[in-house]
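Presented below is the structure to which this report refers.
No lab work stands behind these numbers, since they all come straight from the coordinates. Only a predicted model underlies this, so the values are computations on that prediction, with no experimental measurement involved. Every residue, glycine as well, gets a Cβ built from its backbone with ideal geometry; the counts of neighbours run over all protein chains shown.
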Amino acid sequence: MITEERFSISKRSTNRFFFMIAIGLVLLVAGLIIAATSGGGHGEEHGAEAGHHAAGWGQRLLANLWMNNVYFTGIAVVGVLFIAIQYVAYAGWSVAIKRVPEAIGAYLPVGGIIMVLVFLLPIIFTGHNTLFHWTDHAVTDPTNDQYDPVIAGKSGYLNVIFYTIRMVAYFVLWFLFYKWLRRESLAEDLNGGLNHYNKSITLGAAFLVIFGVTSSMAAWDWVMSIDTHWFSTMFGWYVFASWWVSGLAAITLTIIFLKQMGYLKMVTSNHLHDLGKFLFGFSIFWTYIWFSQFMLYWYANIPEEAIYFIERLGGNNNHYTWIFFFNLLINFAFPFLVLMTRDAKRQMLMLKIVCIAILIGHWFDFYMMIMPGAMREEGGFGLIELGTALTFLGLFLWRYTSELTKANLVPLNHPFLDESVHHHV
Amino acid sequence: MTSKKYILGVFDDEDVLLNAIEKTRAAGTKIYDVFSPYPIHGIDDVLGIQRSRLPIVAFFCGLCGTSFALWMQIWMLGFDWPMIIGGKPHVALPAFIPVTFELTVLCAAFGMVITFFVISGLRPTLKVPVMDLRSTDDKYVMAIELKEGIDIQKLNDLLRSNGAIEVNEKEVVK
């Protein structure tokens with residue numbers, strides 16, 4: 001019944017990912033050159049009259065790198081979280097698919113390096129990172145005329161050194177747990193027994209506690225601190241919900257692709273059904289969080305709080321209004337209506353369409369969180385956005401698939417393997 | 001007072017039972033019902049029970065709830081007795097969403113439960129014949145209604161050859 005299944009990826013496919021990265025980089029550079037020669041001057045004159053810094057091509061590049069990296073890092077860490085949850089819940093159904101979320105964390109070290117570089121390099125070379133207003137020393141210096149008491153009050157938490165330490169700590173912790181869970185799983189393939197399984201449960205439980213804190217703090221640091229004055233006590237949940245549902249979509253999509261390539265023979269429509277329920281349920285969960293945050297600010301209508309939604313809904317010359325509604329449509333209405341029936345969750349075609357829609361939709365969700373704060377009314381969709389997204393996608397797929405090939409796709413000695421094979425809903 | 005006779009095949013293994021159901025149905029015998037101490041995975045398929053249409057009911061009940069909630073709030077707060085609350089417009093959609101959500105869930109759930117009770121005839125006066133008390137403990141009981149023209153001996157052989165440990169006859173008075 002159970003056979004050795006090893007996913008192998010041809011040299012050509014790997015080359016395709018590198019090709020993707022190359023195209024992305026070419027598009028990115030082309031976009032940057034166009035932006036620098038045409039739009040650069042426009043940004044500077046704005047900056048002179050307004051108090052804040054103008055959004056030129058450098059800012060646009062920075063914002064895009066940051067946004068894509070936050071998005072893909074989230075998907076990668078959700079893989080580790082998924083595994084941890086399955087262990088802690090003593091889940092049996094997911095054993096047949098567990099090698100897929102197990103491999104997705106392979107992007108974490110790449111994401112960590114990119115994030116530290118994108119944050120620190122501008123600070124090293126120009127003194128502050130324009131993406132994060134609070135990195136500017138002028139705003140925390142009481143003698144400076146740009147002194148900002150609100151930001152100065154937050155400088156105990158939001159300062160470059162502590163921020164960098166936190167960022168490194170999140171990545172180190174996430175990466176270690178990814179590695180440890182993976183190591184136990186691979187050792188189980190060789191040795192069998194219950195030792196590795198029990199150890200994984202302990203690791204999983206510890207990771208859940210750590211991730212509960214770090215994911216929330218990462219959301220404040222990486223996304224919320226772009227709009228430095230504004231804060232939301234729900235923001236950690238909001239970013240987590242977005243990461244989680246895109247991670248689930250990425251896992252499901254990979255499983256469907258693998259199945260269509262002839263791998264994962266033990267995965268049946270019953271497993272897909274469960275994944276479909278996850279996608280359906282957590283799309284609603286994301287909407288619930290989104291709405292809870294929106295409604296409270298809308299109802300209270302306190303200026304310093306409502307500004308966040310004004311910038312996105314009607315402010316910035318209505319620049320982001322369509323994305324605001326598109327976000328709800330593609331991330332809530334579409335999965336909600338399409339995945340409602342049992343048959344849709346059990347069919348690969350429907351699931352595939354919804355997964356792709358969710359992945360695109362949550363990319364826009366992160367666009368919506370980051371761009372208005374970073375680019376004001378100059379956030380755009382062009383070669384820079386396309387190029388950066390392609391580069392990151394290629395990078396992500398390259399790390400992810402190469403990790404997938406490193407182990408048998410069936411965890412042969414997992415104690416619940418038999419239960420997963422006979423899973424029935 | 002009408003009475004019906006049933007032939008009861010008693011099984012003590014889940015897999016044997018599932019196999020026996022398939023064989024019995026393949027032999028052209030109509031099974032009245034199967035009693036088991038717990039839900040058995042896959043038994044709906046082998047018994048040929050069609051999928052429930054209850055989700056469709058739930059969807060439309062939910063839709064009724066959504067429309068009713070929206071209509072109620074828009075009409076009450078927007079037209080029948082307009083009030084200014086917190087400086088918001090009379091028809092302030094975001095404020096209506098929580099109530100709309102609750103009523104959608106309420107109507108879908110109640111509609112589903114009531115429909116289920118009505119369709120399956122679950123009412124307080126309902127008397128459920130217990131075919132064999134052991135089906136609440138550790139045995140699985142397959143009941144076949146004894147109609148005219150059914151050869152008891154052949155049925156007995158069929159059940160026993162498919163793993164029944166006992167074959168009994170039971171008369172149920174309604």
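Given the range A:298-425, report the % of alpha carbon pairs whose separation exceeds 21 Å. The share of Cα pairs beyond 21 Å in the range A:298-425 comes to 62 percent. Spin-label model, A:A300 to B:V130: label points 7 Å out along the Cα-to-beta-carbon direction sit 5.9 nm apart. Go ahead and collect, in residue order, the members of the range A:352-378 whose backbone nitrogen is under 14 Å from a label point 7 Å along the Cα-Cβ direction of A:Q260. The answer is A:352-357. The modelled label-to-label distance between B:T2 and A:R6, using points 7 Å beyond Cα along the C-beta direction, is 6.8 nm. Annotation: amide H-H contacts under 5 Å for A:F7 (H modelled 1.01 Å from N, sequence separation of 5 or more, or interchain): A:L409. Over the range B:54-119, the pair-distance histogram of Cα-Cα distances with 5 Å bins from zero comes to 4, 20, 22, 18, 13, 10, 7, 5, 2, 0 percent, rounded to whole numbers.
The mean number of Cβ atoms from other chains found within 10 Å of a Cβ in peptide B:52-58 is 1, as a whole number. Taking 0.36 nm per residue of separation and subtracting the Cα-Cα distance, full extension of the segment from B:D45 to B:F101 would add 16.7 nm. Ordering A:I330, A:I104, A:I124 by the number of other Cβ atoms within 10 Å of each residue's own Cβ, fewest first, gives A:I124, A:I330, A:I104. Calculated on C-alpha atoms, the gyration radius of the range A:104-192 divided by its Kirkwood radius gives an Rg/Rh of 1.22. Of the cross-linked pairs A:K11/A:K259; A:K277/B:K23; B:K23/B:K139, those separated by over 28 Å at the C-alpha level are A:K277/B:K23. Given a Förster radius of 45 Å and the C-beta distance between B:K174 and B:D13 as r, what FRET efficiency does 1/(1 + (r/R0)^6) yield to the nearest 0.05? Approximately 0.90, to the nearest 0.05. Could you grab the relative contact order for the range B:54-119? Cα pairs under 8 Å, six or more apart, rounded to a whole percent. Taking the mean separation of contacting Cα pairs over the length of the range B:54-119, I get 57 percent. Pairing the Cα long axis of helix B:152-161 with the longest principal axis of chain B, what angle in degrees results, from 0 to 90 and rounded to the nearest 10? Between the helix axis and the principal axis of chain B, the angle is about 80 degrees.
Think of it as helices only: each DSSP H run of n ≥ 4 in chain A is worth -39500 (n - 2.57), and spread over all residues that comes to -24000 deg cm²/dmol at 222 nm.
In this Cβ point-charge picture (+1 for Lys and Arg, -1 for Asp and Glu), chain A has a dipole of about 1760 debye about its Cα centre. Once both labels are positioned 7 Å from their Cα atoms along Cα-to-Cβ, the gap between A:I310 and A:K277 label points is 4.5 nm. When the GluC sites (Glu not before Pro) in the range B:97-174 are filtered for DSSP coil states and for at most 10 other beta-carbon atoms within 10 Å of their beta-carbon, the remaining sites are B:E148. Potential lengthening of the chain between A:S13 and A:I353 amounts to 120.2 nm, from the contour at 0.36 nm per residue minus the alpha-carbon distance.
What's the local net charge at A:M20, with K and R +1, D and E -1, over the other residues with C-beta under 14 Å away? Once positives and negatives cancel, what remains is +3.
With a cut-off of 13 Å on the backbone N, no residue of the range B:3-26 is near the modelled label site 7 Å out from B:Q153 along Cα-Cβ. The mean sequence distance of close C-alpha pairs (under 8 Å, at least 6 residues apart), as a share of the length of chain A, puts its relative contact order at 33 percent. With one equal scatterer per alpha carbon and no solvent term, the Debye-computed log10 I(q)/I(0) for the protein assembly as shown at 0.05, 0.10 1/Å reads -0.31, -1.01. The amide H of B:Y32, built 1.01 Å from its N in the peptide plane, has B:A143, B:I144, B:E145 as neighbours under 5 Å, considering only residues 5 or more places off or on other chains. Summing +1 for each Lys or Arg and -1 for each Asp or Glu among the other residues whose beta-carbon sits under 9 angstrom from that of B:P129 gives +4.
Here r is the Cβ-Cβ distance between A:H137 and A:A333 and R0 is 30 Å; the resulting FRET efficiency, rounded to 0.05, is 0.10.
Only DSSP H runs of four or more residues enter the estimate; each adds -39500 (n - 2.57), and after division by the residues of chain B the mean residue ellipticity at 222 nm equals -14500 deg cm²/dmol.
You can think of it this way: the chain between B:W75 and B:I165 has 25.8 nm of extra reach, that is 0.36 nm per residue less the Cα-Cα gap. Put in order of Cβ neighbour count within 10 Å, fewest first, the listed residues A:C355, B:C107, B:C64 become B:C64, B:C107, A:C355. Here the Gaussian network model covers chain B, with springs between Cα atoms less than 10 Å apart; of B:P124, B:P55, B:P39, B:P124 fluctuates the most.
Over the range A:212-305, what is the relative contact order in percent, taking alpha-carbon pairs closer than 8 angstrom and at least six residues apart?
Taking the mean separation of contacting Cα pairs over the length of the range A:212-305, I get 34 percent.
Take each residue of peptide A:287-299, count the partner chain Cβ atoms within 10 Å of its Cβ, and average: the result is 2. Kyte-Doolittle mean at least -1.0 and Cα extent at least 30 Å along the axis: which DSSP H helices of chain A qualify? Sorted by number, the helices that extend far enough and score high enough are A:11-38, A:57-88, A:160-191, A:195-222, A:235-260, A:269-300, A:348-375, A:383-404.
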